[in-house]
1. For the range 1-44, name all the residues that are of a type in the set (Val, Ile, Thr), assigned to a loop (DSSP other than H, G, I, E, B) and in contact with a strand residue (DSSP E or B) (Cβ under 8 Å, 6 or more places away or on another chain).
2. Please find, within the range 177-214, the residue that is modelled with the lowest pLDDT out of those that are assigned to a loop (DSSP other than H, G, I, E, B) and in contact with a Pro (Cβ under 6 Å, 6 or more places away or on another chain).
3. Restricting to the range 80-96, give me the number of residues that are in a strand (DSSP E or B) and open to solvent by 50 Å² or more (accessible area, probe 1.4 Å).
4. How many of the residues making up the range 1-44 are touching a Ser or Thr at 6+ places or on another chain (Cβ under 9 Å) and surrounded by 11 or more Cβ atoms within 10 Å (Cβ to Cβ)?
5. Here are some residues: 69, 35. Which one is aromatic (Phe, Trp, Tyr), over 36 Å from the mean Cα position of the chain (by Cα) and within 30 Å of residue 121 (Cβ to Cβ)?
6. Of the numbered conditions (1) over 30 Å from residue 143 (Cβ atoms); (2) assigned to a strand (DSSP E or B); (3) open to solvent by less than 60 Å² (accessible area, probe 1.4 Å), residue 47 fails exactly one; give the number of that condition.
7. Consider only pairs whose beta carbons are under 6 Å apart and that are at least six residues apart or on different chains; among these, list those whose first residue lies in the range 168-189 and is over 17 Å from residue 106 (Cα atoms) and touching a residue at least 60 places away in the same chain (Cβ under 8 Å) and whose second residue is open to solvent by 60 Å² or more (accessible area, probe 1.4 Å) and part of a loop (DSSP other than H, G, I, E, B).
8. Hey, does the range 55-70 have a residue that's part of a loop (DSSP other than H, G, I, E, B), among the charged types (D, E, K, R), within 30 Å of residue 210 (Cβ to Cβ) and free of Cβ contacts under 8 Å to residues at least 60 places away in the same chain?
Amino acid sequence: PTTIGACDPALFTASSSTGAGGRPMRYEFRVTSEYDAGKILERIRSLPANMSSSELELRADDLEPGGVYSIVVEVTNFLGATSTATVTAIKSTAPAPIVAIEGPRIARTTPGASLEFTALARLPSGSCLCQSAASKIGTRITYAWTLVEGPSLDFGAGTLARTSETPRLYVEPRTLQFGSTYVFRVEAKLASSQFHRASDTVTVTVGYDSIDDPVVHGPSSSPSGAALELFALNRDPMLADSASEYPWSHRWECWVFRGHDDTRGEACPVAIESHLFVDADRLVV
């Protein structure tokens with residue numbers, strides 16, 4: 001790593017080195033720094049004497065906060081050929097929060113449904129900071145939700161604006177487009193000026209809503225010989241209630257049951273010689 005959080009350990013590895021010809025290689029680690037490197041040297045001296053370890057693992061307190069360290073590894077193969085690699089690592093004075101979005105990595109929804117995502121962020125370990133450091137950088141974590149992929153959304157107004165800087169992002173119904181894919185990212189950081197950012201993402205795939213079953217209004221009983229009027233209410237969850245009227249297509253069906261013992265009934269066109277398969281939202285018999 002090139003930047004190490006204040007509360008984070010570090011692992012330096014040369015395990016991807018090539019040219020061994022299938023034989024073991026030797027790994028020699030060194031460190032140079034103007035800061036205190038005593039603990040790092042102790043870690044290096046504790047590695048196997050035959051230099052068989054390709055990894056150098058450091059604890060969080062092995063590096064001085066704010067320090068800059070050059071970690072060098074020299075790799076030697078069985079022919080004596082060597083290669084050297086150097087990584088400059090900076091130990092941060094502030095910890096990077098750990099953040100994760102609750103729930104699955106891929107969420108599936110429909111345009112008519114609302115969405116709510118909750119991010120949980122915390123500092124890796126408050127005990128790794130001395131009291132003076134904790135009082136200097138603070139422990140308050142701020143959140144910022146953004147859209148990194150998908151059709152554009154307006155985070156400057158409405159519910160998205162009100163919740164985009166909170167742990168919970170709320171997406172209102174009919175905000176997302178059907179057939180689209182969105183990737184939301186939350187970024188957590190310390191509220192102070194010295195901070196590291198951590199982020200997590202969630203992918204949202206938007207399918208299609210089914211049309212709600214129509215609600216038929218009308219009397220449940222009618223005198224013999226009287227006219228009967230029925231009215232169907234229709235709703236598409238993918239359209240706002242205030243949207244202009246949608247050109248619905250209707251198909252009415254009618255069945256006649258003669259007596260309480262008649263469980264099968266017969267179609268109205270046969271029973272009363274009238275055709276009720278009409279394309280309208282209002283039926284008058």
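The values are calculated or read from the model by the stated rules, or taken from the named source; none is laboratory data. Just so it is clear, the model here is predicted, and its values are computed rather than measured. Neighbour counts run over all protein chains shown; Cβ positions are idealised from the backbone, glycine included. The accessibility values were calculated without ligands, DNA or RNA, using every heavy atom of the protein model including side chains. Shrake-Rupley method; radii C 1.70, N 1.55, O 1.52, S 1.80 Å.
1. Within the range 1-44, 2 is the sole residue that qualifies.
2. 209
3. Of the residues in that region, 8 qualify.
4. 21
5. 35
6. Against the list (1) over 30 Å from residue 143 (Cβ atoms); (2) assigned to a strand (DSSP E or B); (3) open to solvent by less than 60 Å² (accessible area, probe 1.4 Å), residue 47 comes up short only on (2).
7. 189/195
8. For the range 55-70, residues part of a loop (DSSP other than H, G, I, E, B), among the charged types (D, E, K, R), within 30 Å of residue 210 (Cβ to Cβ) and free of Cβ contacts under 8 Å to residues at least 60 places away in the same chain: absent.
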